[in-house]
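Encoded as structure tokens, the structure appears first; notes follow it.
The values are calculated or read from the model by the stated rules, or taken from the named source; none is laboratory data. Please read these numbers as outputs of a predicted model, since none were measured by experiment. Positions of Cβ are backbone-derived with ideal geometry, glycine not excepted, and every protein chain shown enters the neighbour counts.
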């Protein structure tokens, strides 16, 4: 791991702070009229998902981490393990469910993103795509005339997530979902 100076800070840089990996979301070099210069930062924890503010002295060195995001195909879940396959080498990688973000939105064959600490060859976490097309596997039938008010009803999608969908969506239909918020976006286009 390499050390970086505060003058090398940029948005997206990943650093180690108190044993956790953080990404710099925002930074600002401050040179007050009196006293030494400093760097004010907003950091987002990649694993612990904490957002913190941290001030560094100008010239302070911190440890940088090289992080890569790679596409892996989800194969299957077996107990508390999710199995992913590398798209280039076809190597299968098991991952504990605790390292899988939003597992309810992941279904068989889906291409997910695995974030990897390259130097330690450690998988930090897996996440589904930002938007997915998925099938509604369970929902109450919509009643004719109920769509005038634009209401919604709960629906279970393949993978197990429960989302709110419009009343006109029926079981077996494919819908687009934003996995970051869990919101229904639209009915999927049929080919």
Could you look through the stretch 150-191, keep only residues that are in contact (Cβ under 8 Å) with a residue 40 or more places away in the chain and out of contact with any helix residue (DSSP H, G or I) (no Cβ under 9 Å at 6 or more places or on another chain), and pick out the one that is surrounded by the most Cβ atoms within 10 Å (Cβ to Cβ)?
175
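Is it true that some residue in the stretch 137-158 is closer than 30 Å to residue 7 by Cα and assigned to a loop (DSSP other than H, G, I, E, B)? Before you say what the answer is, go through the steps one by one.
Going through the stretch 137-158, the residues closer than 30 Å to residue 7 by Cα turn out to be none.
No, because not a single residue in the stretch 137-158 is closer than 30 Å to residue 7 by Cα and assigned to a loop (DSSP other than H, G, I, E, B).
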Condition first: assigned to a loop (DSSP other than H, G, I, E, B), touching a strand residue (DSSP E or B) at 6+ places or on another chain (Cβ under 8 Å), assigned by TED's automatic domain parsing to the domain that holds residue 111 and in contact (Cβ under 8 Å) with a residue 24 or more places away in the chain. Can you find one or more residues in the stretch 12-20 that meet it?
no
For residue 98, which of the numbered conditions (1) surrounded by fewer than 16 Cβ atoms within 10 Å (Cβ to Cβ); (2) not in a helix (DSSP H, G or I) fails to hold?
(2)
The stretch 92-110 residues that are touching a residue at least 40 places away in the same chain (Cβ under 8 Å) and at positive phi, paired with ones that are surrounded by fewer than 17 Cβ atoms within 10 Å (Cβ to Cβ) and outside any loop (DSSP other than H, G, I, E, B) (beta carbon under 6 Å, 6 or more apart):
none
Flagged in the stretch 108-123 as crowded, with 18+ Cβ neighbours inside 10 Å and either assigned by TED's automatic domain parsing to the domain that holds residue 179 or in a loop (DSSP other than H, G, I, E, B) (or both), in numbering order, are 110
Scanning the stretch 165-184 residue by residue, the ones that are closer than 10 Å to residue 155 by Cβ and out of contact with any strand residue (DSSP E or B) (no Cβ under 8 Å at 6 or more places or on another chain) total 0
Identify the single condition in (1) outside the structural domain of residue 31 (by TED's automatic domain parsing); (2) touching a helix residue (DSSP H, G or I) at 6+ places or on another chain (Cβ under 7 Å); (3) in contact (Cβ under 8 Å) with a residue 40 or more places away in the chain that residue 60 does not satisfy, given that it satisfies every other one.
(1)
